[in-house]
Amino acid sequence: MQEIMQFVSRHPILCVAWIGLLAAVLFTTFKGITSKVKVITRGEATRLINKEEAVVVDLRQRDDFRKGHIAGAINLLPAEIKANNLGELDKHKDKPIIVVDGGGVQAQEPANTLVKAGFEKVTVLKDGISGWSGENLPLVRGK
């Protein structure tokens, strides 16, 4: 115990940094556990699409969407979701929704917005389209 106290007294900035990192990890973990939006794997996503007729919402820009997207995906920008401009997605409130972005990083906030808009089962695809194409899963071009 005395060695720990010496270390803390000699390296206070390092100790504060470690405490900050620990707090960030705990916060992120707790937030993920309590969130209504779950992150799913590509296998879970394909099961939802094939068995439960899940609707894929692709958040990428129109040009990226045209270059390759999951079959049947609806292209909505995060700003459109935030403005509650959901278009054809409104018809699918009772179906599972899979929110997809380029790398799986920016989909959480639009997914939370969809939950607040009344969608029952909203999930986010882990690693987004880059993970999907990285496992050589099919992408459709055009539209």
- Answer yes if at least one residue in the range 3-21 is acidic (Asp, Glu), assigned to a helix (DSSP H, G or I), free of Cβ contacts under 8 Å to residues at least 60 places away in the same chain and surrounded by 10 or more Cβ atoms within 10 Å (Cβ to Cβ), and no otherwise. no
- Query: Restricting attention to the range 114-129, and to residues there that are touching a strand residue (DSSP E or B) at 6+ places or on another chain (Cβ under 9 Å) and more than 19 Å from ASP64 (Cα to Cα), which single residue is modelled with the lowest pLDDT?
  - Reply: GLU120
- Query: Quick one: what pairs do we get from the range 118-143, first residue without any contact (Cβ under 8 Å) to a residue 60 or more places away in the chain, second in a loop (DSSP other than H, G, I, E, B) and basic (Lys, Arg), C-beta under 8 Å, 6+ apart or different chains?
  - Reply: GLY118/LYS93; PHE119/LYS93; GLU120/LYS93; LYS121/LYS95
- Looking at the range 52-69, is at least one residue over 20 Å from SER130 (Cα atoms) and assigned by TED's automatic domain parsing to the domain that holds ASP127? yes
- Quick check, is LEU26 farther than 14 Å from LEU125 by Cβ, surrounded by 14 or more Cβ atoms within 10 Å (Cβ to Cβ) and modelled with pLDDT of 90 or more? no
- Boolean, VAL124 is of a type in the set (Val, Ile, Thr) and either surrounded by fewer than 19 Cβ atoms within 10 Å (Cβ to Cβ) or assigned to a loop (DSSP other than H, G, I, E, B) (or both): no
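The values are calculated or read from the model by the stated rules, or taken from the named source; none is laboratory data. Just so it is clear, the model here is predicted, and its values are computed rather than measured. Using ideal geometry, Cβ is built from the backbone for each residue, glycine included, and neighbour counts are taken over all protein chains shown.
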